[in-house]
Each structure stands twice: as structure tokens, then as C-alpha cells.
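The values are calculated or read from the model by the stated rules, or taken from the named source; none is laboratory data. The model shown is predicted, which means the values in this text are computed figures rather than measured ones. Note that we place each Cβ from the backbone using ideal geometry, even for glycine, and neighbour counts take in every protein chain shown. We work out accessible area using only protein heavy atoms, side chains counted, and drop any ligands, DNA or RNA first. Shrake-Rupley method; radii C 1.70, N 1.55, O 1.52, S 1.80 Å.
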Amino acid sequence: MNMELDNVVKFLQGKTILVTGATGFLAKVFVEKILRLQPNVNKLYLLLRAADTNSATKRLNGEIISTELFRILRDRWGSEFDLFLSTKVIAVPGDISSESLGLNESKLREHMLREIEIVVHVAATTGFNESYDVALAINTFGALNVLSFAKKCDKIKLFLHTSTAYVCGEQAGIILEKPFSVDDTLLKTCKLDIIEEKRIVEEKLDELRFQHAPNEVIKSEMKEFGLKRAKLYGWPNTYVFTKAMGEMLLGNFKGDLPLVIIRPTMIASTYKEPFPGWIEGVRTIDSVIVSYGKGKLTCFPGYPNSALDIPADMVVNAMVVAMVVHTNDQSCQTIYHVSSSLQNPLKLRYFSKFMHRYFTENPWSNRNRQRVKVRKGTVLSTISGYFLYMWTKYVFPLKDFRQVYMDLNRKIKFAMRLAEFYKPYAFFKGIFSDKNLDKLRMVAQERGIDMGVFDFDSKSIDWEDYMINIHIPGLLRHATSSCFCPTIRFSPSSLTANIKKAIARIDSSDSMNAIFQLLTRYH
């Protein structure tokens, strides 16, 4: 083993780490890297949402260890793989939305409190329009619950929290790596009281239950309520709003415990480790790739210069190096943007070209084993332009096909609704400063850490090679049959004079909402 790598390996030797959210994509890559890098780590406690130890162990084996991600480790250890894991990885049944983390097994809890030195908090609910009560319990107060547990650990030296770069909302220009104050809002017109948000949620739930509302109605109402509260304070959706509040609570209550917050942008498949192109399911903009390759999508909304992804292993490399640098770093609070948007952005306009090239050279075969021919994708640079396109191409031509329209209207509205949710990211005009990440890289180099093994420098990414030869092939290996965009096949039709007049009357400042309202009139 070379001298450079030895630094991190020595740091991890004998360490005990608690990881939350270990069934998630990023946490799996983190766990695999630690086990592959340092088999002499003392223990990895993985907190899994489960009723008991047996259920947690089943989740560990079925959702984490059995995945292709662990193939290299499995090959390395051979017949001793299961024994190795049983001595290093402990499945812990729990729930971060509980103040006690749901740690009911007292002996296990005492062991954890005695041994844990680092907490890596990755657990979150990532739905943009999650029910507000659920998102608040997990993303906001769940983070505080995990911090409270960490502060009770006898040997605790660092709390590392994964957030999202998009807690900034829809800001444009350079976005700095700076923390929130506990009462910050993006609108700056009013103060945020997180405890009051919790009370308001409980009051809203009580009101709905008093009305004997069915569960599906409660869920729908709480989704809309979350969006309303997020937008009141300047955030575009419940996810980033509750993640921002989680950061606020961590910064306010961390005390002397060193706190590192990792803010990645959209996380894509692995670039190099443990092997290129590992991904789970269809993530964020990957749905566009799958739909485009199947010939179901010829246009999509987006700002042509919006920056997109960062590979998962680069995020994990930044996490591991930050652990080494900041453990025992006296009461620090440091934020890292892990993003390509400043140094080497993958812009939407290039992304479109890479998709076209890939599927032209490697066409998708449909169920009839016929090759799907793709056309060059059109990037519609305004959301109102996208809605107008959808209306004129798909909705208006159906006026003479009432029954067909009724069948497809739900899918059309669903596509429009998703466009609304993804608007803050497809049309994002911010650029994430990564000065702190640059400093971390310099400190790591000074300490002799091999920045080839722990590469998180986005400048090293050849995006065309990555998309064509790594990401899209990896995605298609793991893609599910479902995708966000419905197949709707109708020829375009000219607008009537009345519809032209209707569009002309739309206030340009709110054209998106006005067009959406016009579309929904066809119920």
C-alpha cells in the first residue's frame, strides 16, 4: 500500500462509525468504500428503519449487501465475505423521526454510545412534494434527533451531515458555502420559527382527523400544505425547505461538536469506484434519458446553461476526506458544495447532444425488437414555452377525440405537474462556489492524501466520455420500465383564433400558472 493512501487507512483503522440512511444510494457507496479501503475499521453501525433486529438484518442483506455495488468486496473475500461483514457491519433497527431514534434494545444502545466516534447522517426523504408532516419529522427534526444521540456518545469526534446544494432555493449568480441562521428565510421578509412550524403541522393534522378525512385525503392535503409553507418562505418545494431547516437546527444545537455539512448537487452514477457506472433505479434527470431513448420524449424544458450532475463516488470521496480533516477540529462548522457548476459544468445543451449521440449509435430496441430511431432533442428554454408546446401538440388536437382525451388527460397533467416540480432545477441559474472544497483539497494534499484515490475535483471529468461510455450505459443496465414522461402520439394542430386570443390575454408574469389553469379546464 502506498504512503499517500496510508494516511486515510490509518485514520479509519479501529474507528466506529454510525451511518443513517444506509439503504439509500449515496450511503451504500460510502459504506462500500470504507469497507474496501479499511477492512480493519472497528464497526459500522447502520441505522435502518425496521421493527426489530431480524427485520433490520433482512434489509441489510437484501437491500445493501446483495447489490452489485459490493461485487468487488465479495470477490476479494470469497467464502469469508459473510464472516467479514458480520464482524464489521451491525444492522440497527430504528427510526430517526423518533427522539430516541427508536433504539429499544438497551444493550446495543449502550454499546453504540460507548463506541461511536463519527456519525454520518445521510437519511432523508427526498420527494419534492412529500407530506409536510413526514418531511418535517425526517428531514428537519430527524437531523436534530440524530445530533442529540451523537452528543451523548462518549467518544464522539465529528458529525457529518449530507444535505443538498439546492437548499439555496432558486437563487441566481454565485452561491456561497455558508450556513443558515436558525430563523433565516430566502424571502427575507419574515422570520422562520421551526418550532412553530411543528405546532402548525400538528394543528393541521388534528383538524383533518377531527373532520374524519380519509388517509389519502390527509396525505394530499399535507402535500399541498408543505408546498404552501415552503413557498411562503421562499423555497420551491417541501424537500429543500425541510432540508434547510434541518441544517438550521444542526448549526444551532451542535454545541462544541465539529459539524461538516456536505451539499451535493444532483448525484449521478459512479465515475471510477468501486467500478464505473453503478447506479440504482432512475434518478432525477435520468428519467429524461430513459424516455428519450425509448422515443417517448422529443423535447424537455430547461435552461440550456443549467449545470447538472456530480458522480456519487466523488461525493463520497469528499465525505471521507472531510472526515479525516475535521475529526477533532475544535467546534468547527464547515459547508462543502460538491458540484461541477463552477469548475466544469455539464450544461443541459451538451447533455442533449450526448443523449442524441448515444442513442443514435446504440439505439433502444422496443418490445417488438425494433430499433427506436431518435431525433435531436429540443430544449425549451422557458417553462411557459414547454406548457404551451404540450398544450398545442397534445391537448388541443384531442378536442375531437373526447374518449381518447379522457384516457390521456391524466398523463398529460402528470407530465405538466412534474415539469412544475423540476422547474427550479431544469431552469436553475445559480453557480455553486466551491472555495471550501478547494481548501479541503489543498489540505488533503498537504497531508499526503492521494487525490487520485480520493478524487473530488470536477475538473477531472470528461463529461462526454462519462455520459457516453459510463453513465448512460450504467443507467440503462439498471433502469426500471417506468419513466416520468407518457407516450402520447398525435400530430400537432394549429391553434384556433379563440385560443390565440386566450394566450394573448395571459399575464406574462404568471404565464406558467395561467396556461396550466387553461389546460385543466378540459376535465
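Tabulated data for the structure shown
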| item | result |
| --- | --- |
| Three-way shape label, the range 142-202, alpha-carbon gyration tensor, a/c 1.5 | oblate |
| The range 37-111 - charge dipole about Cα centre, Lys and Arg +1 at Cβ, Asp and Glu -1, debye rounded to 20 | 160 debye |
| Placed amide H near residue 333: partners under 5 Å, 5+ positions off or other chain | 259 |
| Directionally averaged projected area (convex hull, Cα atoms, the range 1-123), nm² | 7.6 nm² |
| Which listed pairs, of 28/435; 294/459; 376/423; 243/439, have C-alpha distances above 29 Å, in listed order | 294/459 |
| Pairwise centroid distance, computed over Cα atoms, of the range 204-261 with the range 120-166, Å | 13 Å |
| Residue 375-residue 126 FRET efficiency (beta carbon distance; Förster radius 45 Å; 0.05 resolution) | 0.90 |
| Charge context of residue 28, other residues only, Cβ under 10 angstrom, K/R +1, D/E -1 | -2 |
| Among beta bridges that DSSP assigns inside the range 3-144, antiparallel share in %, nearest 5 | 0 percent |
| Relative pair counts by distance (%), Cα atoms of the range 179-256, 5 Å bins | 3, 15, 23, 22, 16, 11, 7, 3, 1, 0 |
| Hz values of 3J(HN,Hα) by residue in the range 25-35 - Karplus curve (6.51, -1.76, 1.60), Gly and Pro given as x | 4, 5, 5, 4, 4, 5, 4, 4, 5, 4, 5 |
| Added length on full extension, which subtracts the Cα-Cα distance from 0.36 nm per residue, residue 176 to residue 209 | 7.6 nm |
| Solvent-accessible area of residue 364 with every protein chain in place, 1.4 Å probe, in Å² to the nearest 10 | 60 Å² |
| Mean Cβ count within 10 Å, highest first, over the residues of peptides 143-151, 371-379 | 143-151, 371-379 |
| Cα gyration tensor shape of the range 257-396, rounded if a/c is under 1.5, else prolate or oblate by comparing a/b with b/c | prolate |
| Spatially proximal lysines relative to residue 152 (Cα-Cα < 20 Å; intrachain offsets below 8 disregarded) | 15, 43, 107, 254 |
| Distance (nanometres) between label positions extended 7 Å along Cα→Cβ at residue 114 and residue 53 | 1.5 nm |
| Amide H partners (placed H, <5 Å) of residue 299, local residues excluded | 378 |
| Rg to Rh, two decimals, where the range 67-215 supplies the alpha carbon set and Rh follows Kirkwood | 1.05 |
| Theoretical FRET efficiency, 1/(1+(r/R0)^6), r = Cβ-Cβ of residue 459 and residue 198, R0 51 Å, to 0.05 | 0.75 |
| Accessible surface of the range 179-228 [probe 1.4 Å, protein heavy atoms]: carbon and sulfur percent | 52 percent |
